[in-house]
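Remarks on the structure that follows.
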Amino acid sequence: MLKRTWWWRSTSPLLICATLAALLARPSRVTAQEKPQLVRTTPLFDFHSNFWVNLHQALFHEAKLRVGKPARGVQSAAPLSASGMSTQDEAQWNAAVSFYAEHFGTSQQFGPLGNDELIQINDNLAEQPDDGARLNPAALPPEIVAVLQSAAVIYRKYWWPAHNESNENWIASQEERVQSLGPKLASAMTKDLHQPWPAAPIRVDVCYYVVALGYALTTLPPHTTFSSNGPANQDLIGFELLFHEASHSFADTVMNALAAEGRIQHKDVGDLWHALLFYTSGVELRRVLPASGQASFTPYGYRYQVYSGGNWPKYRRVLETDWQAYLNDKIDFADAIHSVVAGLP
Ligand SMILES: [Zn+2]
């Protein structure tokens with residue numbers, strides 16, 4: 001079974017291959033007349049509202065509340081209401097939440113203390129039928145299959161219709177934007193990060209609950225899980241966050257370049273790469289907006305004070321100067337990587 005990897009821990013072989021293939025395939029010298037028109041014919045994203053992924057995320061959400069140690073992603077969310085439930089249904093649901101609380105309640109879904117099994121289950125469930133008609137137990141731990149099948153009856157009866165509607169509404173709300181702005185934004189971001197967008201559309205599981213910072217997470221091979229209910233995940237700012245998440249799928253080149261430059265200059269580059277991803281999607285989204293919308297647009301990183309903690313104010317300074325010079329075509333990629341690292345204290 002293919003081991004799924006965290007985006008900050010290791011580099012996906014799939015993406016390395018895609019990058020190398022693109023570099024090797026590129027002619028060493030092309031004239032303007034010869035330059036091929038690289039028009040992407042496959043969609044950027046593959047959106048789903050999947051019953052099983054939603055159930056898994058809902059159970060994890062309830063488990064975090066049950067153990068009383070909610071991550072920041074659930075701070076303001078109330079537990080699913082049990083009003084109107086029969087005693088038997090409530091007991092059946094509670095048993096599933098208790099299982100998740102016992103096994104995953106103190107885990108992070110993502111991050112340095114993340115739980116690999118949570119993500120492997122999430123990835124496996126994304127391959128199950130969206131409507132939840134059946135659950136293929138292959139590659140899932142038997143005890144998880146039993147818990148999900150038992151909880152599925154209750155989830156479908158009380159909450160899934162509303163959650164599915166929320167997800168479908170979110171997908172519909174972004175479709176036109178993805179069509180009109182998506183290709184230009186994707187083209188700019190892949191050029192900036194020196195790495196192509198994944199060949200296949202990025203799978204996006206839209207869920208009512210996603211317990212993670214920003215109510216969204218992305219793992220490799222490319223798979224984004226994105227909350228339709230997250231307060232910052234709506235409209236244009238949610239569209240920006242979607243592309244930030246996507247950029248985790250083609251960030252290896254810039255991450256490796258920063259790490260290598262950090263070693264050369266004996267600087268701790270920390271998670272500068274992550275601040276750089278936020279900054280880049282914000283700048284490029286503003287650029288592809290109609291002129292009338294640019295002035296009033298505040299990128300996600302500024303709007304939600306992403307650059308305010310730890311070393312991030314220092315990252316913000318080098319991004320606004322040296323990285324911005326690169327985004328303005330004043331310096332090349334190698335010079336930009338050198339300069340942003342040199343600019344760190
Ligand atoms: Zn991120």
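Values for this structure:
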read-out: Scope the stretch 74-110; condition in a loop (DSSP other than H, G, I, E, B) and closer than 22 Å to Tyr158 by Cβ; matching residues; value: Ser76, Ala77, Ala78, Pro79, Leu80, Ser81, Ala82, Ser83, Gly84, Met85, Ser86, Gly105
read-out: Per-region count, the stretch 254-266, residues away from the ligand (no atom under 16 Å from the Cβ) and either over 15 Å from Gly343 (Cα atoms) or buried (at least 17 other Cβ atoms within 10 Å of the Cβ) (or both); value: 5
read-out: Some residue of the stretch 46-59 being at pLDDT 95 or above and assigned to a loop (DSSP other than H, G, I, E, B); value: yes
read-out: Selection from the stretch 290-310 of residues that are over 22 Å from the mean Cα position of the chain (by Cα) and surrounded by 15 or more Cβ atoms within 10 Å (Cβ to Cβ); value: none
read-out: Residue in the stretch 172-191 that is in contact with a helix residue (DSSP H, G or I) (Cβ under 6 Å, 6 or more places away or on another chain), of a type in the set (Gly, Ala, Ser) and under 30 Å from Phe333 (Cβ atoms) present; value: yes
read-out: Yes/no for Ala138 being part of a loop (DSSP other than H, G, I, E, B), surrounded by fewer than 19 Cβ atoms within 10 Å (Cβ to Cβ) and assigned by TED's automatic domain parsing to the domain that holds Asn54; value: yes
read-out: Any hit, the stretch 305-319, residues being touching a residue at least 40 places away in the same chain (Cβ under 8 Å), within 12 Å of the ligand (Cβ to nearest atom) and on the phi < 0 side of the Ramachandran plot; value: no
read-out: Residue among Gly238, Gly230, Gly214 that is outside the structural domain of Trp160 (by TED's automatic domain parsing), within 12 Å of the ligand (Cβ to nearest atom) and of a type outside the set (D, E, K, R); value: Gly214
read-out: Criterion: touching a Phe, Trp or Tyr at 6+ places or on another chain (Cβ under 9 Å), within 19 Å of Leu185 (Cα to Cα) and small (Gly, Ala, Ser) - qualifying residue of Ser292, Ser281, Ser296; value: Ser281
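The values are calculated or read from the model by the stated rules, or taken from the named source; none is laboratory data. This structure is a prediction, so every number in the text was calculated from the model and none was measured. With ideal geometry, Cβ positions are generated from the backbone for all residues, glycine too; neighbour counts draw on all protein chains shown.
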